[in-house]
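The values are calculated or read from the model by the stated rules, or taken from the named source; none is laboratory data. Predicted model, so just to flag it, every value in this text is computed and none were measured. Ideal geometry is used to build each Cβ from the backbone, glycine not excepted, and the neighbour counts take in all protein chains shown. SASA here: full protein model, heavy atoms, side chains in, ligands and nucleic acids out. Shrake-Rupley method; radii C 1.70, N 1.55, O 1.52, S 1.80 Å.
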Amino acid sequence: PHLAWSSDGRHLVVVQRTSDDEPYALFALSVESGEIRRLTSPPPGTIGDSGPAISPDGLTLVFSRMLAYPVADLIRFAVGPDLARRGDERRVTTGVVWPRNPAWSAGGKSVVFAAGSFFSPTLWRVDASGSGTPRRLPLAAGESDDFTISRDGSRLALSHSTGDSDIWIVDLTR
């Protein structure tokens, strides 16, 4: 995901960069005026920030910061109603392989995210404060990084694709 609505619906958090030489960053875009304001400044030489998600109360933004594939962290900071920053960045995860696509659970107490390789991601849950260790979600349906959490935070839906492999033999002597 590269977009997230503010709680009042007046702003979008968007992922972009202002030049090819800088990492991706998060910006607040006013849907009324078109004004755009930088929210994050990832370190130079990194891939940058993506996957913004606003907490249910609208007061915290969490996102993925990729330093170099697959080294990334989930980061959070407090925001006001207009998405103005109200505090320093804090790590939510450390040492997880490529955490991405964060989504808030009920009450904003925890964050669910996908992690691992592109081809076999797993879903995890971590305390939104950054305290504690991420816990893998036990899912019988398989794994995916394409998921959503219901508005009330009580249900998670995911899509899971399976492939059908065939073996073909071709006669190269003809």
Expected max-MSF residue from PRO43, PRO52, PRO138 in the GNM of the chain (alpha carbon, under 10 Å) is PRO138
Quick numbers on the stretch 67-119, Rg and Dmax over C-alpha atoms in Å, give 12.6, 37
Two pseudo-spin positions, 7 Å from Cα along C-beta at SER41 and at SER120, lie apart in nanometres by 4.1 nm
Binned at 5 Å from zero, the C-alpha pair distances of the chain give percents of 1, 8, 16, 20, 18, 14, 8, 4, 3, 2, 2, 1, 1, 0, 0
Of the stretch 36-66, those with amide N under 12 Å from the point 7 Å along the Cα→Cβ vector of GLU22 are 37-45
Taking a label point 7 Å from the Cα of VAL14 along Cα-to-Cβ, the residues of the stretch 52-82 whose backbone nitrogen sits under 16 Å from it are 52
Under the 7 Å Cα-to-Cβ spin-label approximation, LEU59 and LEU156 lie apart by a distance in nanometres of 2.5 nm
Mean projected area (nm²) from the convex hull of Cα positions in the stretch 30-105 is 5.6 nm²
Carbon/sulfur accessible area of the stretch 5-85, % of total, 1.4 Å probe, equals 53 percent
Averaged per residue, the 1.4 Å probe accessible area of the chain, protein heavy atoms only, in Å², is roughly 59 Å²
Expected max-MSF residue from ARG136, ARG90, ARG155 in the GNM of the chain (alpha carbon, under 10 Å) is ARG155
Computed about the Cα centre, the charge dipole of the chain from +1 Lys/Arg and -1 Asp/Glu charges at the Cβ has a magnitude in debye, to the nearest 20, of 560 debye
